[in-house]
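A short worksheet on the structure shown next.
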Amino acid sequence: MSERVFSDRVAAGRALGERVAEVLRARPDTRTARPVVIGLARGGVPVAREVADAVDGDLDALVVRKIGAPGHAEFAMGALTAGHLVVNDDMPRRLGVSSAQFDAAADRERRILHDREALYRQGRPPVEVEDRVVVLVDDGLATGSTMAVAIDALDAAGASRLIVAVPTAPSDSVGRLIDRGVDEVVVLTMPEPFEAVGLSYEDFSQVDDDEVIACLDRDHRP
C-alpha cells in the first residue's frame, strides 16, 4: 500500500495549499477574485489556515455537528450546520430511533453548534460567500457525511464555485462529492484500502477551541 504521510495538520495544509493554488491559477474564473477558504471546525481549521495563506484567501470556520444515535454516539444518523441537516439514508430507522428521539438529538447538537460558532467568531459576522469561489477544507474525509452538509450550506449561501480540498480521502467518498455537484475535488492521497483519516498523519492530536480561535484571529490582528 502506497500512502503519503503528513507530519501534522500544518504540514498537510501547506502541501494542500500548493495544490489548490495551482488549481485556482489554471482557471480564468478563479485567478483574480479573492477566494474564501472555509475550514470545518475543529480539525479542518489549521489545514484551512495554511491553504488560505497559500491562495491569499479570506478564512472562516464552519461548524458541523454529527448526530449520534441515542446511547451509541459512534453511529452517525446524520449531520447538521446552521440551517441545514443531512440524514444518513435510513440509519435512524435501522437503529430503531424514533422521530422524536432524532429531533431531540439534533436539537442538542444544534445548541452546541451555535455556542461554538459564537466562541470562534468572537462577535465577527461570517465571511460573505455569495458569488465567490469557496474552498471547503477538512483534515480528511471518511464517509463524507460531514462534508455533505457543509456543501449544502455553502451552495444555499450562493457560492459561485465550490472546491473541496482535503489531504486524504477514500476514492468512493470523493466520487460521492462529485455526484453531489461539487465543481472540483482536490485530494493529495487516497490510500487503498482506506482505514482512517488519522493514519495519514504522524501527529493527529485533537484540535482544541483555542487553536481554532488563534487560526481565525490571524486575519483580524491590527
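Odds and ends about this structure:
- The lone criterion from (1) open to solvent by 30 Å² or more (accessible area, probe 1.4 Å); (2) assigned to a helix (DSSP H, G or I) left unmet by residue 154 is number (1).
- Residue satisfying all of: in the stretch 194-222; assigned to a loop (DSSP other than H, G, I, E, B) and among the small types (Gly, Ala, Ser); least open to solvent (accessible area, probe 1.4 Å) among these: 196
- Some residue of the stretch 47-58 being modelled with pLDDT under 95, of a type in the set (A, V, I, L, M) and either on the phi < 0 side of the Ramachandran plot or surrounded by 14 or more Cβ atoms within 10 Å (Cβ to Cβ) (or both): no
- Listed by first and then second residue, the pairs with beta-carbon distance under 9 Å, at least 6 apart or on different chains, first residue in the stretch 151-172 and polar (S, T, N, Q), second open to solvent by 30 Å² or more (accessible area, probe 1.4 Å) and assigned to a helix (DSSP H, G or I), are 160/29; 168/199.
- Annotation note: Cβ proximity below 9 Å between a residue of the stretch 201-220 that is farther than 19 Å from residue 58 by Cα and a residue that is in a loop (DSSP other than H, G, I, E, B) and basic (Lys, Arg) (sequence gap 6+ or interchain) occurs for 206/42; 207/42; 208/42; 209/42.
- Only one entry of 191, 126, 167 meets the criterion of being part of a loop (DSSP other than H, G, I, E, B), open to solvent by less than 60 Å² (accessible area, probe 1.4 Å) and either more than 19 Å from residue 35 (Cβ to Cβ) or of a type outside the set (A, V, I, L, M) (or both), and that entry is 191.
- Selection within the stretch 81-91 - farther than 15 Å from residue 143 by Cβ, open to solvent by 20 Å² or more (accessible area, probe 1.4 Å) and touching a strand residue (DSSP E or B) at 6+ places or on another chain (Cβ under 7 Å): 85
- Options 78, 44, 39; residue that is open to solvent by less than 40 Å² (accessible area, probe 1.4 Å), under 20 Å from the mean Cα position of the chain (by Cα) and modelled with pLDDT under 95: 78
- Filter pass, residue 67 being among the aliphatic types (A, V, I, L, M), open to solvent by less than 20 Å² (accessible area, probe 1.4 Å) and within 10 Å of the chain's Cα centre (by Cα): no
- Considering only residues in the stretch 129-139 that are within 12 Å of the chain's Cα centre (by Cα) and open to solvent by 10 Å² or more (accessible area, probe 1.4 Å), the one that is nearest to residue 59 (Cα to Cα) turns out to be 138.
- Across the stretch 105-122, the number of residues qualifying as aliphatic (A, V, I, L, M), surrounded by 13 or more Cβ atoms within 10 Å (Cβ to Cβ) and without any contact (Cβ under 8 Å) to a residue 12 or more places away in the chain comes to 0.
- Qualifying residue in the stretch 155-165 (condition: acidic (Asp, Glu) and out of contact with any helix residue (DSSP H, G or I) (no Cβ under 9 Å at 6 or more places or on another chain)): yes
- Residue in the stretch 84-102 that is part of a loop (DSSP other than H, G, I, E, B) and either under 18 Å from residue 164 (Cα atoms) or touching a Ser or Thr at 6+ places or on another chain (Cβ under 6 Å) (or both) present: yes
The values are calculated or read from the model by the stated rules, or taken from the named source; none is laboratory data. Everything numeric here is computed off the predicted structure, so don't read it as measured data. Every residue, glycine as well, gets a Cβ built from its backbone with ideal geometry; the counts of neighbours run over all protein chains shown. Keep in mind that these areas ignore ligands, DNA and RNA; they rest on the heavy atoms of the full protein, side chains included. Shrake-Rupley method; radii C 1.70, N 1.55, O 1.52, S 1.80 Å.
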